[in-house]
Amino acid sequence: MEKMDVSGYSVMLGLFAEMILDDAVRKHRRQTLYLEIDKALASGDETSFLDLTHELKKLSS
């Protein structure tokens, strides 16, 4: 097994950190969308409900 040089390791570490951050942002947005969808349902706001569910579908694909 070859040793990675320090700069290669830093690049890999940076990519890994970016993947973790992207995943955390996506999970937070999904949770927020679920809450907003629930509020739209409770208030009978069909337009918001449709917009939010469309965004949730795009986020999930």
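The values are calculated or read from the model by the stated rules, or taken from the named source; none is laboratory data. Since the model is a prediction, treat every value here as computed from it, not as a measurement. Here Cβ is always computed from backbone atoms with ideal geometry, including for glycine, and neighbour counts include all displayed protein chains. These accessible areas exclude ligands, DNA and RNA; they are computed on the full protein's heavy atoms, side chains included. Shrake-Rupley method; radii C 1.70, N 1.55, O 1.52, S 1.80 Å.
Structure notes:
- Extreme residue, surrounded by the fewest Cβ atoms within 10 Å (Cβ to Cβ), among residues of the stretch 49-61 that are under 26 Å from D22 (Cβ atoms) and either among the basic types (K, R) or out of contact with any Leu (no Cβ under 9 Å at 6 or more places or on another chain) (or both): S61
- Subset tally (residues that are hydrophobic (A, V, I, L, M, F, W, C) and either open to solvent by 100 Å² or more (accessible area, probe 1.4 Å) or closer than 17 Å to K57 by Cα (or both)) for the stretch 5-43: 11
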